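Here is the structure we will look at, set down as structure tokens.
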């Protein structure tokens, strides 16, 4: 929580600095309104769009001949333990092993699991994965990431303004065109890195809460090991990274320098922390 707050504060300072530099207070407010407006639509409707895009089917007790009643029951039990509303449960008929949570608040939340994850994880591990997703719902992480995305979008708009200001000599007379170009190039990159940092912090927090809620940190660690091992063997849920931040594990299984631009922490560090909790 402290890291998320610090990164949000830093992102706000970047927005204020770039806004004042490029368009003053008025320009900053306009850019922020544009960014929040675009992401409000995403926040309000994204769950329906994502579930439809993945072909997710809502699960009720008795579906699939009752073979998945245990999944529904485990989520119901943990939701009650967390003192939160029972979310909708969905199964995505895709071979890619993963899980995610969506919905604008706990009352409208959906936790989803792919068929691929059900194939590679046992009940104990699936329960821990669902506890992780309930942690995201409980923390209202979708709201947090929507606000972050709004700020990042606003900074991108301001960077666009800075680029054209440098070309056509806009902005304050004391502002160097080189400074405007530097802002146009680096401000969006810095904002994106902060966004990814916040996303990684939220994953650590959901891991912690998921381990506590399921009462089995090793189960979540085992699940992450299985996912990291099997994700590269199946086609990702999406060809783009637009929904990667929603997944419990990076759907592209990236490593190396790309970790800097990843929405997820290093899986080894996540597993280490979970083992330490156990």
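Nothing in this text is a laboratory measurement; each read-out follows from the coordinates by a stated rule. Values in this document were obtained by computation on a predicted structure and should not be read as measured data. Using ideal geometry, Cβ is built from the backbone for each residue, glycine included, and neighbour counts are taken over all protein chains shown.
Can you put 199, 238 in order of Cβ neighbours within 10 angstrom, beginning with the fewest?
238, 199
Projected label points at residue 275 and residue 122, each 7 Å from Cα along the beta carbon direction, are separated by 1.9 nanometres. A Förster radius of 45 Å, combined with the Cβ-Cβ distance separating residue 12 from residue 212, puts the computed FRET efficiency at roughly 0.90.
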